[in-house]
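The block underneath contains the structure these notes are about, expressed in structure tokens.
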Amino acid sequence: MHEILQILYENAKATPSEIAALLGRSEEEVAEKIKEMEDAGIIRKYITLINWEKLDQSVVFAVLELKVALQRKRGYDAVAERIARFSEVESVRLVSGGHDLSVTVRGKSMKDIAYFVAEKIAPLEGIQSTCTHFILKSYKEHGAILTDQPKPERLVITP
Amino acid sequence: MKKQTKKQSLKNVPPWDAKRHINQSVRDMPPSGIRKFFDLVNEMKGAISLGVGEPDFVTPWHVREACIYSLELGSTHYTSNKGMPELREAICQEAKRDKGLEYDSSEEILITTGVSEGVDLAFRATLNPGEEAVVPEPCYVAYTPDIILAGGVPRTVPTHLENEFRVQREDIARAVTGKTRSLLLSYPNNPTGAIMTRPDLEDLADVVMENDLIVISDEVYGELSYNRDHTSFAQLEGMKERTIILGGLSKSHAMTGWRIGYALGDPALIGAMTKIHQYTMLCAPTMAQVAALEAMQAGKEEMLQMRHEYNLRRRLFVSGLNRIGLDCFEPKGAFYAFPSIEGFGLSSEEFAERLLHEQKVAVVPGNVFGESGEGFLRCSYATSREELIEALDRMETFIKSL
């Protein structure tokens with residue numbers, strides 16, 4: 001991975017001047033490279049990883065397994081892109097294995113999501129079957145362990 | 001009646017004094033300068049410590065997991081004195097692959113309990129009472145005490161900023177006497193971060209040959225060499241036999257607490273070290289050897305990732321030091337920066353103590369690592385980027401207040 005991307009992948013807040021100091025390059029050079037990658041669509045969005053468990057408000061996630069019946073002239077892309085337009089949908093992926101599309105959905109309640117699937121996803125042309133897995137607990141997201149762990153101790157001064 | 005006479009005969013026993021029973025060399029040994037600082041820092045809440053000589057990373061999980069699994073299987077027995085054959089083989093293979101050095105895993109390698117034990121064994125196995133070992137300073141704090149405990153005499157040689165703390169041929173030549181047996185090299189260096197390139201080392205080879213010395217080369221930071229491969233003295237032509245390489249996984253694989261190191265060298269030298277090791281240590285801890293084997297076999301990727309992260313921090317921190325007015329030459333290995341405090345009118349200890357009390361940043365005064373370290377500070381960048389940035393801010397505030 002590009003070394004600037006690697007830094008941003010771990011910390012979207014890293015500024016061009018911070019990245020420049022880490023890489024021993026000029027701030028302008030780094031800013032320009034980032035702009036290039038944004039324009040090229042390599043960098044799509046800067047996000048914040050939230051530990052929802054720590055929030056009072058109820059947020060529910062589910063993973064949908066969808067089987068898709070392909071029709072003439074219409075590949076997976078058409079169905080996938082149609083699903084991706086719903087604001088409730090967080091991610092859409094074509095996967096290998098027992099089903100075709102893996103879709104992450106966010107809602108306020110299980111009922112919310114159940115209705116969404118029943119009313120919006122299942123009836124779509126080409127959707128053969130749906131299977132909804134509600135996420136009960138998330139342990140690790142985007143490389144970050146979400147459960148609180150004690151910080152390993154180091155001696156403050158060692159030779 | 002009998003009892004009474006016995007009591008009377010004990011009358012002239014002097015009062016108990018434990019100190020009288022302590023070996024003279026140990027009694028004369030000054031307390032470590034690090035210790036005093038440790039106590040000071042320990043009392044200070046909220047201090048950022050740049051004083052730690054070990055990685056901040058925890059040992060990669062697959063390595064820890066391999067150890068846990070071995071315990072489940074009951075691998076709790078002794079290993080061969082020399083260490084597990086598979087581990088010895090893995091280390092020898094790496095030496096061949098990375099350095100082109102061939103060692104026979106049955107008699108040219110010893111697994112030690114950390115490089116610390118290796119240093120001790122190397123001196124004890126090679127020095128006769130009164131014989132000398134040359135030690136370039138500033139350096140890790142254990143070498144001179146180990147030499148003294150081995151009955152030897154340390155001959156320290158200063159290294160200087162103008163040579164980027166590389167030891168100079170003339171200085172070694174000047175320190176060598178008829179009694180000198182060995183030269184210690186520790187590059188990449190703790191505390192300076194200095195390295196010796198192949199030409200730098202080649203410059204020393206004839207002094208070593210002429211005086212029939214052996215080289216004890218502490219290469220525990222060997223893998224942490226930035227933007228170039230580390231060269232070992234043993235890689236120089238004709239120097240392999242004369243060199244004992246001391247290496248380990250502590251720094252490169254974030255395994256300090258496991259205490260696994262190794263010595264590579266001539267079978268006679270390794271054999272002599274093994275003799276002492278078998279009576280004093282028997283073998284390195286078995287579970288730690290299992291973990292080390294996993295690290296050797298499957299830990300390269302993480303090692304490279306950690307090195308990459310140190311390299312990022314190195315650039316960030318060293319450029320930061322120079323920006324705030326603490327002149328620092330570019331350290332090319334280990335994870336230490338060694339900035340100069342010349343011009344502030346303070347000794348290393350005064351500077352470090354005031355920095356700790358006034359801005360709560362802990363660094364180690366350079367004089368702890370030898371006289372030639374006076375005027376410098378050892379700052380470890382094996383700590384998070386956020387802490388490094390915060391430490392730089394605080395150090396800048398401190399400098400402005402002087």
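What the table below lists for this structure:
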item	result
Length-normalised contact order for chain A - Cα pairs under 8 Å, 6+ apart - percent	21 percent
Unit charges on C-beta of K, R, D, E only; dipole of chain B, Debye	1920 debye
Charge dipole (debye, nearest 20) of chain A; +1 at Cβ of Lys and Arg, -1 at Cβ of Asp and Glu	660 debye
Stokes-Einstein D in µm²/s, Kirkwood radius over Cα pairs - the stretch B:1-157 at 10 °C with 1.306 mPa s viscosity	75 µm²/s
Under Karplus coefficients 6.51, -1.76 and 1.60, residue-wise ³J(HN,Hα) of the stretch B:385-402 in Hz, glycine/proline x	4, 4, 5, 5, 5, 4, 4, 4, 4, 5, 5, 5, 4, 4, 4, 5, 7, 7
Rg over Rh [alpha-carbon atoms, Kirkwood Rh] for the stretch A:1-64	1.14
³J(HN,Hα), Karplus 6.51/-1.76/1.60, whole Hz, each residue of the stretch A:32-48, x for Gly, Pro	5, 5, 5, 4, 4, 6, 5, 5, 7, x, 6, 8, 9, 6, 9, 10, 10
Order of B:258, B:16, B:61, A:52 under a 10 Å beta carbon neighbour criterion, fewest first	B:16, B:61, A:52, B:258
Percentage, to the nearest whole number, of Cα pairs in the protein assembly as shown over 44 Å apart	33 percent
Stokes-Einstein translational diffusion, the stretch A:88-159 - Kirkwood Rh over all Cα pairs, 1.002 mPa s, 20 °C, in µm²/s	137 µm²/s
Lys/Arg +1, Asp/Glu -1 at C-beta; the stretch B:110-236 dipole; positive extreme among B:167, B:149, B:116	B:149
Fewest-first sequence of B:369, B:38 by Cβ atoms within 10 Å of each Cβ	B:38, B:369
Distant-in-sequence amide H partners of residue B:49 (H built 1.01 Å from N, under 5 Å)	B:362
Globularity index of the stretch A:4-113, i.e. its alpha-carbon radius of gyration over 2.2 N^0.38 Å	1.45
Amide H within-cut-off set for residue B:255, under 5 Å, with H built and near neighbours excluded	B:250
Exposure proxy order (Cβ contacts within 10 Å, fewest to most) of A:151, A:120	A:151, A:120
Residue among B:282, B:87, B:40 with the largest mean-square fluctuation in a Gaussian network model of chain B, springs linking Cα atoms under 10 Å	B:40
Three-way shape label, chain B, alpha-carbon gyration tensor, a/c 1.5	rounded
Residue among B:383, B:356, B:299 farthest towards the positive dipole end of the stretch B:282-402, charges placed on Cβ	B:299
Cα pair count fraction exceeding 19 Å, expressed as % - the stretch B:55-139	62 percent
Amide H partners (placed H, <5 Å) of residue B:244, local residues excluded	B:215, B:216, B:217
Estimated translational D of the stretch B:125-276 in µm²/s (Stokes, Kirkwood radius over Cα pairs; 10 °C; 1.306 mPa s)	101 µm²/s
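Only the coordinates and a few stated rules stand behind these numbers; no lab work does. Note that the coordinates shown come from a computational prediction; the quantities given were computed from them, not determined experimentally. Every residue, glycine as well, gets a Cβ built from its backbone with ideal geometry; the counts of neighbours run over all protein chains shown.
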